[in-house]
Amino acid sequence: MIGVLEPCVPCPQDTEIIANVVTSPHHLSATMVTGRIHRMTELFGRVAPGMTVDQARAELSSAYSAMTKQYPEAYPKNAHFEISVKWLRDEITSGARTVLLVLLAAAGLVFIIACCNVANLILARTVRREGELVVRLALGAGRGALRRMLLAF
């Protein structure tokens, strides 16, 4: 055993920003540390309370445009670099979104089938007890009382 890690990243309670940090010799070379041409970083951060995704996107866009003006050789126009803002939930579930929607539809279909089966069972029991219901109706039972009895038994 080399070491023990936390069971999960302490996000979002105790963490403001999470960056993927690589400590291989190649990634710690001077080119990777001081250069601006290696772009293999994803950052996860919390937006300020009350801030929307559009506001965060606008703020990052203004910071990115300032970086491109300050370092034009590192950000050529034809490279099409971009900074984007997404909800972490959307990023995590983006690959499984279709599967999750299909599972949701399948669960809804199973629920509808179960409801139809219960309704069918109640209807079959009512048809089977038709003679009893006719006798109770003839003795003076009201329709509401008959309905309550059928739902109770």
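Couple of notes before you dig in:
- The residue pairs whose first member lies in region 44-67 and is closer than 19 Å to residue 91 by Cβ and assigned by TED's automatic domain parsing to the domain that holds residue 82, whose second member is surrounded by 14 or more Cβ atoms within 10 Å (Cβ to Cβ) and not β-branched (Val, Ile, Thr), and whose beta carbons are closer than 8 Å, counting only pairs six or more residues apart or on different chains, are 44/11; 47/56.
- Here 97, 129 are screened, and the one residue that is surrounded by 10 or more Cβ atoms within 10 Å (Cβ to Cβ), among the basic types (Lys, Arg), free of Cβ contacts under 8 Å to residues at least 24 places away in the same chain and within 30 Å of residue 54 (Cα to Cα) is 97.
The values are calculated or read from the model by the stated rules, or taken from the named source; none is laboratory data. Please read these numbers as outputs of a predicted model, since none were measured by experiment. Ideal geometry is used to build each Cβ from the backbone, glycine not excepted, and the neighbour counts take in all protein chains shown.
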